[in-house]
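S.K.: Below you will find the structure I want to go over with you.
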Amino acid sequence: MRRFELALPDTLEACQQALADGPDIKVVAGGTDLLPQLKNGVLRARKVVDLSALPELKLLEQAPDGSLRIGAAVTARTLELAQPVRDHVTSLAEGASVVGSYQIRNLATLGGNLANAAPSADMAPPLLALDAQLVIAGPKEPRSVTAADFFVGVRQTVLAPDELLVEIRIPKPEPGSGGMYLRHTPRRELDIAVVGVASQLTIQNGRCTRARIALGAVAPVPLRAHKAEERLEQQAITPQLIEEASKLAVEAASPISDQRGSAEFRRHLVAVLTRRTLTTALERATGTSGKRNGAI
Ligand SMILES: Cc1cc2nc3c(=O)[nH]c(=O)nc-3n(C[C@H](O)[C@H](O)[C@H](O)COP(=O)(O)OP(=O)(O)OC[C@H]3O[C@@H](n4cnc5c(N)ncnc54)[C@H](O)[C@@H]3O)c2cc1C
């Protein structure tokens, strides 16, 4: 690996000063994406800013309104185990629980997963389905974007080089909500998603008041299947309706064929995983799985 200067700021201000110090600066959180990229020459950095001493980025708390505030450097392993995450935003705990191995999950952070912007990132679809907001700090005032607007292309986000993803905010799902994330991988362990789907439903008085379906690894960016969501909203959800929504979700996908699966196989998986995640989300929302509000 080429030599680089390492900065270890312990305040956000010092971090921003370090980031303002000219071109070719990269931040590192867990390093599970960045270090391989530096080693194999995909990326070059003159200076690397390590985020591990910033307490704000390790925050994980429930705000008084019930929403979750998650610091960008919270690890996948923490999210997989944290009770408020498992209870209220189950699909995120499920997305976190499939990242790499225990060793990887102990290093891999939520912010790194999002900022790396791989189409297959497992923690992205749950955040789209949960209407998460991403808080970004930079030289100007902090700004906030929706998870859906954060991604602009393969490994490209709205982050400017001198900006930092600080926090992820997830509104508290309403009573009668449930969600699920599922992915397909050819190998059971240490593989990336060929397709990943997160679904989130809110059921009130027997009708769906809110439906979210987010797809990963089937387009340059994770995206919502809006037509499929609209098919479900204001309806009493039946297996027939779930089947229809699953077919509509396929229309949102524009997958590629590669060595890990053909475009046709990926489209098939979108329908299968959408059907399965919606069915479980419905059970969790209505308590028919014995696990109300999506608790796992
Ligand atoms: C063996 C292996 C298996 C893996 N399996 C999976 C898997 O199953 N699913 C999956 O989704 N991923 C997987 N990954 C990828 C990786 O582990 C995750 O994407 C992880 O969440 C990245 O987090 P990190 O903290 O390690 O990021 P880092 O490597 O530290 O950073 C990644 C990128 O994000 C930027 N960055 C990090 N934090 C911030 C921030 N707060 N603000 C702005 N930019 C930031 C960095 O500059 C870098 O460009 C795997 C990786 C390995 C090595």
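The values are calculated or read from the model by the stated rules, or taken from the named source; none is laboratory data. What you see is a predicted model, and the numbers here were worked out from it, not measured in a lab. Positions of Cβ are generated from backbone atoms using ideal geometry, with glycine treated the same way; all protein chains shown enter the neighbour counts. Each accessible area value is taken on the protein alone, full model and side chains, heavy atoms only, with ligands, DNA and RNA left out. Shrake-Rupley method; radii C 1.70, N 1.55, O 1.52, S 1.80 Å.
S.K.: Output the number of residues of segment 206-232 satisfying the condition of being surrounded by fewer than 24 Cβ atoms within 10 Å (Cβ to Cβ), of a type in the set (A, V, I, L, M) and part of a strand (DSSP E or B).
M.R.: Of the residues in segment 206-232, 1 are surrounded by fewer than 24 Cβ atoms within 10 Å (Cβ to Cβ), of a type in the set (A, V, I, L, M) and part of a strand (DSSP E or B).
S.K.: For segment 133-150, name all the residues that are crowded, with 24+ Cβ neighbours inside 10 Å and touching a Ser or Thr at 6+ places or on another chain (Cβ under 8 Å).
M.R.: Of everything in segment 133-150, those that are crowded, with 24+ Cβ neighbours inside 10 Å and touching a Ser or Thr at 6+ places or on another chain (Cβ under 8 Å) turn out to be Leu134, Phe150.
S.K.: Is there any pair linking a residue in segment 15-29 that is polar (S, T, N, Q) to one that is surrounded by fewer than 19 Cβ atoms within 10 Å (Cβ to Cβ), with Cβ under 7 Å and at least six apart or on different chains, and which?
M.R.: Short answer, once both residue conditions are applied: Gln16/Pro139.
S.K.: Can you work out which of the residues in segment 186-205 that are more than 14 Å from the chain's Cα centre (by Cα) and closer than 20 Å to Ser97 by Cβ is most open to solvent (accessible area, probe 1.4 Å)?
M.R.: Arg188
S.K.: I'm trying to understand the selection: among the residues of segment 72-121, which are away from the ligand (no atom under 12 Å from the Cβ), more than 11 Å from the chain's Cα centre (by Cα), assigned to a helix (DSSP H, G or I) and crowded, with 22+ Cβ neighbours inside 10 Å?
M.R.: Correct list: Val85, His88, Thr90.
S.K.: Among the candidates Arg169, Arg183, single out the residue that is open to solvent by 20 Å² or more (accessible area, probe 1.4 Å), more than 25 Å from Val42 (Cα to Cα) and within 13 Å of the ligand (Cβ to nearest atom).
M.R.: Arg183
S.K.: Pairs, please: C-beta under 7 Å, at least 6 apart or cross-chain, first residue among the acidic types (Asp, Glu) and in segment 189-210, second part of a strand (DSSP E or B)?
M.R.: none
S.K.: Within segment 17-43, which residues are open to solvent by 50 Å² or more (accessible area, probe 1.4 Å), within 26 Å of the chain's Cα centre (by Cα) and not aliphatic (A, V, I, L, M)?
M.R.: Lys26, Asp33, Pro36, Lys39, Asn40
S.K.: Condition (residue is within 10 Å of the ligand (Cβ to nearest atom), open to solvent by less than 30 Å² (accessible area, probe 1.4 Å), in contact with a Cys (Cβ under 8 Å, 6 or more places away or on another chain) and more than 30 Å from Ser262 (Cβ to Cβ)) applied to segment 153-164: is it met by at least one residue?
M.R.: Yes, because at least one residue in segment 153-164 is within 10 Å of the ligand (Cβ to nearest atom), open to solvent by less than 30 Å² (accessible area, probe 1.4 Å), in contact with a Cys (Cβ under 8 Å, 6 or more places away or on another chain) and more than 30 Å from Ser262 (Cβ to Cβ).
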